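What follows is a single structure, written as structure tokens, with notes after it.
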Amino acid sequence: MFDVGGTIQLQSTLYINNSNLTIAGQTAPGAGIAVIGNSTVIQGSNEVVRYMRFRAGDQASTGQDSLSVANATNVVVDHVSASWGMDESLSVTLSNNVTVQNSIVAETLNPNGHSDGSLVRGNVTDATPGGYTLRTTCGSATTSEIRASARGRPMGTTTPTPSWNSTS
């Protein structure tokens with residue numbers, strides 16, 4: 001729970017790796033909580049992040065996402081906005097049972113010509129299927145290229161198509 005609202009200016013990457021954790025941004029007064037200046041990475045298991053804003057911004061290193069879910073299990077990202085990443089604004093990789101819902105994934109700053117607003121892909125180095133859900137989530141219409149894996153294949157296909165696994 002938050003007693004104060006405002007902006008958290010990161011000096012380095014923030015790793016959220018405690019299991020059985022809920023970050024309830026909706027408890028903050030005023031305009032809520034914004035995390036800026038570097039990447040936030042959700043790791044661990046049984047984690048919920050709600051009502052937060054993530055903006056890596058141009059102070060972050062090249063290749064930094066605003067919000068990443070990596071090597072995690074049973075994660076819910078709800079009512080979150082992610083934008084201005086130096087790579088993707090939101091990425092989900094090497095994780096299982098991840099739901100991103102009621103969220104906005106907006107434009108990246110695209111310093112290296114990498115225009116993906118979001119990258120959602122299966123466990124490209126793990127045999128376990130991804131198990132990802134994107135629900136009532138809006139991506140940037142001009143820069144978002146959502147690549148998703150649902151049980152080892154890009155969403156909307158019926159046969160595995162691994163060619164996209166080699167790009168990021």
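The values are calculated or read from the model by the stated rules, or taken from the named source; none is laboratory data. Fair warning: this is a prediction, and the values are worked out from it, not measured in the lab. For neighbour counting, all protein chains shown are included, and Cβ atoms are generated from backbone atoms with ideal geometry for every residue, glycine included.
Overview of results
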item	result
Unmet requirement for VAL41, which otherwise passes all of (1) more than 18 Å from TYR132 (Cβ to Cβ); (2) within 14 Å of the chain's Cα centre (by Cα)	(1)
Filtered residue count, segment 24-52, keeping only those that are assigned to a strand (DSSP E or B) and surrounded by fewer than 21 Cβ atoms within 10 Å (Cβ to Cβ)	11
Residue under evaluation VAL4, criteria (1) farther than 20 Å from GLY85 by Cα; (2) not in a loop (DSSP other than H, G, I, E, B), criterion not met	(2)
Filter result for the condition that a residue is under 13 Å from the mean Cα position of the chain (by Cα) and at pLDDT below 95, over ALA56, ALA31	ALA56
Residue tally, condition modelled with pLDDT of 90 or more and charged (D, E, K, R), over segment 75-94	1
Hey, GLU145 at pLDDT 60 or above and assigned to a loop (DSSP other than H, G, I, E, B) or not	no
Test: residue in segment 48-69 that is in contact with a helix residue (DSSP H, G or I) (Cβ under 7 Å, 6 or more places away or on another chain) and within 16 Å of THR133 (Cβ to Cβ)	yes
Pairs, first within 16 Å of ILE104 (Cα to Cα) and of a type in the set (Asp, Glu) in segment 57-72, second at pLDDT 90 or above and surrounded by 14 or more Cβ atoms within 10 Å (Cβ to Cβ), C-beta under 6 Å, six or more apart	ASP65/SER39
Any hit, segment 67-74, residues being farther than 16 Å from VAL49 by Cβ and either at pLDDT 80 or above or in a loop (DSSP other than H, G, I, E, B) (or both)	no
